[in-house]
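Let me begin by presenting the structure, written as structure tokens, before commenting on it.
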Amino acid sequence: MEVLSLCPFRAGALIWQAAPGAYSLTVIVKATFTIVPGGEATVAETQVPVTTLAEGGAEDLSPLKPRVDVLVLGATDPEARVAVEGATLPAGGPISPQAPSRRLLLGDEAYAWAQGMLAGEALAAGAPPEGFEFAFFQCAPREQQIDLLRIAASIGLDRILPMPGRVETRLPQRRPHAFRVDPKGGRVTEIALRCDTLCIDAEQRTMVLTFRGLADLKSGAEADVGKIVVAAHPEGKRIRPERLDRFLRLGESLEEDVEAGLNLLEMRHDAVLIAPKSGDTMVLPERAEAPPIRFVDPAPPDSSPQRQRTRTLPMPTDRNELGLPSPAPALPFRPLPPDPIAAPPLPPPPMSASPSPSPKAIAEPLTEDTTLDMPKAAPPPSSKGREIGRRVEPLPNAPTPPPPPSTGKPATPAPKPPIKPPAPLAPRLAKPAGPSAGPPRPSPPRPGPVQGGKVAVPPRVSAPAPAAASAPAAAPAPAAASAPAAASAPADAPPSSSPEPFDPASIPIERCAAIAAELRHRPDGRDALLALNALSSASWAAVERHWADAMAQEAAQGQRRLLLAYDVAYHATQERLGLRVGLDEHARLQVAAERGTTAEVLAELGLEASDQARLGRVWTQRLVDDPRLMSKLAAALGAARAS
């Protein structure tokens, strides 16, 4: 079984049978911290490993513990006490499994099974007898047990450390997280860890926290377990399974975006949301219930109040908040009082005696012969001696027209000519050719269609022949005007050759990464390197911009194919240039991130911060491709932590 720790803490695992045919997996993580009087404990440089009784160590391979053991090693004062989680406990050490308080809990068969579990022979021990008392694995006396030990809990040490008075310390925020990677599908699931042992060493001034987690298995074969990965965020934030999955597949950092916002789609159906405190900035403001405003639809004059329809719209403010009195209720035959904050009513539209005719849709295009049928006004009622027609009021301040000459005959109205549509307002494409107008100037050539990723350049169009030569029927142009035009247009003009535009995609991304790495580590040979690759400064900038945009677009879609190709080529160029970017350096950078000395290690290796992320992505992909490298990485991490 492979157990990989991505943090300073030590980890182990065991497979055992909780019942006949029912296999379980127990993950054990031990975290060692240095006591800081008056502050938060820090991660110790030397971590206590997971051991067995057969190795002469502690009882680390217990399958589970119902309660929390609080142990103190090296306390010489009989009045020494430990204050934790609101309880004051004696400062005593562990008791032996052969002690009567533990031995009497089990029968002979159950005791033999427990001894096999503690010795590291869980599979050979089989299933426990029916009714097994798991309280046997509590190695602290009953008076030194508590129900729960929370993260960042305060601990008071009375007469335990070699210093006067009581020493207050606090457990750190940093806590481990355990994950199981399925060997078939690669699915990552989290194994919940619970702290069940606190061991205080007075001589070393350290605290060892033991975490334990359980998971069900389909069989007892180690090949079906997969990989056990243990990680811990330096700031104590939670690491989610999807973040670890992206770390293993894509090489993303475990320390970025670990506490993303709550995604309701990823919650269980029976999850309970805890309401935030009133001082939290995420508390939503309470919604004020304001009375609605009545809107009355306009009704005809003869309508009754019963036909009025009302609609309600919620308003964000109340009239009382604005200091305005509420209107009195309206009776059926009493109008509502005017509202000072309401908009003034719109005037009613003018009433016409006859409905206006609807405009006639014209489906045919207008031509010069098209006539429009205008709507005719209704004639007024006829009367004797009254002029037939419609009276037109004169405009104000208009001159009075002279009276028409009297002919003695009744005036007959002249027929109105048909209305012609106006001429279309189209832009003039060319001026009419006059006697002084020369031959038309040729239009500039336009780019042709794209052929094979390049724009085809059209041939140069020469000036056309004079109008006199091409159109014999037209009026002959003066010789003085046609001669210069003929002289200015040579007969055999060679086609102009414009340079083809540079295509940044013609440089592969692997070549771009290799050039970028060499330019960065060998800046003195920049001009020679660009000339060797037939590039200028402008074209190289276009290549970098092109592939940066392509990688950004691919990352927005959740893909990393181009980024990994760039990283592999960049890393290979660094190796070719003699830089130290191997597996040992990757392990050193991981340990440096745990200790907070990343900047110093990067400076020693001659690398930058971007190289750390690139190394992580490259070596993570190599570990996924070749799992046999996991043992080498574990050895490199151990050597880096020991140095």
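The values are calculated or read from the model by the stated rules, or taken from the named source; none is laboratory data. Computed from a predicted model, the values in this text were never measured in an experiment. We place every Cβ from the backbone using ideal geometry, glycine too, and count neighbours over all the protein chains shown. SASA here: full protein model, heavy atoms, side chains in, ligands and nucleic acids out. Shrake-Rupley method; radii C 1.70, N 1.55, O 1.52, S 1.80 Å.
For Leu629, project a label point 7 Å along Cα to C-beta. Then give me every residue of the range 511-529 with its amide nitrogen under 19 Å of that point.
The answer is 514, whose backbone nitrogens lie closer than 19 Å to the label point.
With Cβ to Cβ distances under 9 Å as the rule, what net charge do the other residues near Val27 carry (K, R +1; D, E -1)?
Charge balance in the 9 Å sphere: +2.
With all protein chains present and a 1.4 Å probe, how do Phe502, Phe136 order by accessible area, largest first? Before the final figure, lay out each step's value.
Working: Phe502 95, Phe136 0 Å².
Order by accessible area, largest first: Phe502, Phe136.
Considering only protein heavy atoms, what is the solvent-accessible area of Asp158 at a probe of 1.4 Å, reported in Å² to the nearest 10?
Ignoring ligands and nucleic acids, Asp158 comes out at about 40 Å².
Using only the Cα atoms of the range 10-64, what semi-axes does the equivalent ellipsoid have when each is the square root of 5 times a gyration tensor eigenvalue? Give whole Å, largest first.
Rounded to whole Å, the semi-axes are 30, 13, 8.
Which ³J(HN,Hα) values, rounded to whole Hz and listed in residue order, are derived for the range 607-623 from phi using the Karplus coefficients 6.51, -1.76 and 1.60 in 6.51 cos²θ - 1.76 cosθ + 1.60 with θ = phi - 60°, glycine and proline given as x?
In residue order, the calculated couplings are 10, 10, 5, 5, 5, 5, 5, 5, 4, x, 5, 5, 6, 5, 5, 5, 5 Hz.
Would you tell me the accessible area of Ser506, worked out with a 1.4 angstrom probe on the heavy atoms of the protein chains, in Å² to the nearest 10?
70 Å²
Are there GluC sites (Glu not before Pro) in the range 41-96 that DSSP marks as loop and that have at most 10 other Cβ atoms within 10 Å, and which are they? It would help to have the intermediate numbers written out before the result.
Details: sites: Glu45, Glu55, Glu59, Glu79, Glu85; in loops: Glu45, Glu55, Glu59, Glu79, Glu85.
Sparse-neighbourhood loop GluC sites (Glu not before Pro): Glu79.
What is the pair-distance distribution P(r) of the range 553-600, computed from all Cα-Cα distances in 5 Å bins starting at 0, with each bin given as a whole percent?
5, 18, 15, 17, 18, 18, 8, 0
Multiply the residue gap between Ala223 and Glu130 by 0.36 nm, knock off their C-alpha separation, and tell me the result in nm, one decimal place.
Details: separation 93, 0.36 × 93 = 33.48 nm, distance 2.84 nm.
Here the answer is 30.6 nm.
For the range 571-578, just list the computed ³J(HN,Hα) in residue order, Karplus coefficients 6.51, -1.76 and 1.60, θ = phi - 60°, integers in Hz, with x standing in for Gly and Pro.
Coupling constants for the range 571-578: 5, 5, 5, 4, 5, 5, 7, x Hz.
Would the range 522-643 count as rounded, prolate or oblate if I go by the C-alpha gyration tensor, calling it rounded below 1.5 in a/c and otherwise prolate when a/b exceeds b/c, oblate otherwise? Don't jump to the answer; show the numbers that get you there.
On the way: a/c = 2.25, a/b = 1.59, b/c = 1.41.
Here the range 522-643 falls in the prolate category.
At a Förster distance of 56 Å, what's the computed FRET efficiency of Ala642 paired with Glu500, Cβ-Cβ distance as r, to 0.05?
Details: r = 60 Å, r/R0 = 1.07.
Efficiency computed from Cβ-Cβ geometry: 0.40.
Given R₀ = 45 Å, FRET efficiency for Glu109-Ser253 by Cβ-Cβ distance, to 0.05?
According to the calculation, E is roughly 0.35.
Percent of alpha carbon pairs in the range 175-215 separated by more than 11 Å?
69 percent
So for the range 122-165, what are the equivalent ellipsoid semi-axes in whole Å, largest first, each being the square root of 5 times an eigenvalue of the Cα gyration tensor?
Ellipsoid half-lengths, sorted descending, are 35, 13, 11 Å.
Largest first, what is the accessible-area ranking of Asp626, Asp147 with a 1.4 Å probe?
Asp147, Asp626
May I ask for the percentage of alpha-carbon pairs in the range 1-148 that lie more than 18 Å from each other? Kindly include the intermediate steps, with their values, before the conclusion.
Numbers: 6991 of 10878 pairs.
When all Cα pairs of the range 1-148 are counted, 64 percent exceed 18 Å.
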